Each structure stands twice: as C-alpha cells, then as structure tokens.
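Colleague: Take a look at this one; I'll ask things after.
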C-alpha cells in the first residue's frame, strides 16, 4: 500500500526483455532497500529483485506490461518513486494500491498563475470512478480531480511543489501517463454493478 506521495525521482538505467517480461534497473537514492521490498515506480508496485550501489532491479511481468508504458520506457527515462507505507506513517495523499488501472494520455497543458492544469484522456473504467474533488493517481502522484471537462477527460492541478519534486512537470500534450483510479470508487462501482446484476436476474 502507498499514499501517492513521491519521495524520490529515479532514472531507468537498463531495460532488458527477460522471461516474457522486462527486467528494469533503476537508479535511486535510497540507501537501505531490501530484497523483496515493494516500491512504486511511476505508480506501479514492483518488487525489488536485486540491489546495486545507488540502484535496484525489478521484474515487470507480462500482464503489467500490458497495463503500463514500461515496455516503451527508454534508458534515461525519469520515474517517480515511493516506498511502501509503514503502519503508523502519515497518510499525506490517499490510499494507493500501486495497481495501474491503465494508461491515459495528456490532452493539453494550461498554465495558471499558481498552478499548471493537465487535461488527461482516461480509459473508460478510470473515468467512471473519477469525480470532481475526488482522488486519482497519475504516474504515482496522489492528485485531486480538479474537474471533469468531458466524459473521458480528467483535469488535475499541479502546484509548484509537485512540479519541482516529481516528473509531472515534464509532461506535455500527447504523453502517456499511468493512472490508478480511486480505490473506494472502484469498490463502490463494483458493488453497485453486482447489485444491479443480481436485481436484473
């Protein structure tokens, strides 16, 4: 479990197809990582499978490749990192599972006096659980839904701190982004759909 509060920005230093998936080596500033530890990489929960000085290795399985853009990440690509939540930690963002629901696309970027607005085209299953002022995770960053400009578009607002301490400040129109819908919203939707199926039958 994570909170969507990015604690470091890493860099892909190797991406090698392996065993039907992808082996990644990621440069990271953490000094005390342990084998088997979970770490969110651009919002996707990966297991640390190897350690090196200033870096860690992780394997992305084939099903994860289908839901993420990792298969298209070049060497040098910068990624947001967050270590798993510990019991007793402050929940500064929202409950994030580290399960990327799909890949969205930045539709447009607009500057405001105190923030930058990103309009993101989201897959239908993510748009369906997104509401104004609700939560969404974009490339591992916990954000508030600023508005829903249209049925498939989610707008988020990036404050200067987020722009400075994550990779979201690098995103431009046309860029793909990892999205995880609000966990509570997903459970409510699944419950309501099951209830409707039961009543119809």
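Colleague: Can you find a residue that is over 20 Å from residue 6 (Cα atoms) and assigned to a loop (DSSP other than H, G, I, E, B) anywhere in region 144-151?
Modeller: Yes: one or more hits.
Colleague: Here is a follow-up. Residues 40, 44, 122: which one is crowded, with 20+ Cβ neighbours inside 10 Å and either more than 20 Å from residue 9 (Cβ to Cβ) or out of contact with any strand residue (DSSP E or B) (no Cβ under 8 Å at 6 or more places or on another chain) (or both)? Full working, then the answer.
Modeller: Details: 40 fails: either more than 20 Å from residue 9 (Cβ to Cβ) or out of contact with any strand residue (DSSP E or B) (no Cβ under 8 Å at 6 or more places or on another chain) (or both); 44 fails: either more than 20 Å from residue 9 (Cβ to Cβ) or out of contact with any strand residue (DSSP E or B) (no Cβ under 8 Å at 6 or more places or on another chain) (or both).
Sole residue among the options that is crowded, with 20+ Cβ neighbours inside 10 Å and either more than 20 Å from residue 9 (Cβ to Cβ) or out of contact with any strand residue (DSSP E or B) (no Cβ under 8 Å at 6 or more places or on another chain) (or both): 122.
Colleague: Still on this model: Any chance you could count how many residues in region 64-113 are out of contact with any strand residue (DSSP E or B) (no Cβ under 9 Å at 6 or more places or on another chain) and closer than 11 Å to residue 139 by Cα? Don't jump to the end; show me each part of the working.
Modeller: Step one: filter region 64-113 for residues out of contact with any strand residue (DSSP E or B) (no Cβ under 9 Å at 6 or more places or on another chain), giving 66, 86-91, 113.
Still in the list and also closer than 11 Å to residue 139 by Cα: none.
Count: 0.
Here, each number is a calculation from the coordinates, and none is a lab measurement. Just so it is clear, the model here is predicted, and its values are computed rather than measured. FYI the Cβ positions are ideal-geometry reconstructions off the backbone, even for glycines, and counts take in every protein chain you see.
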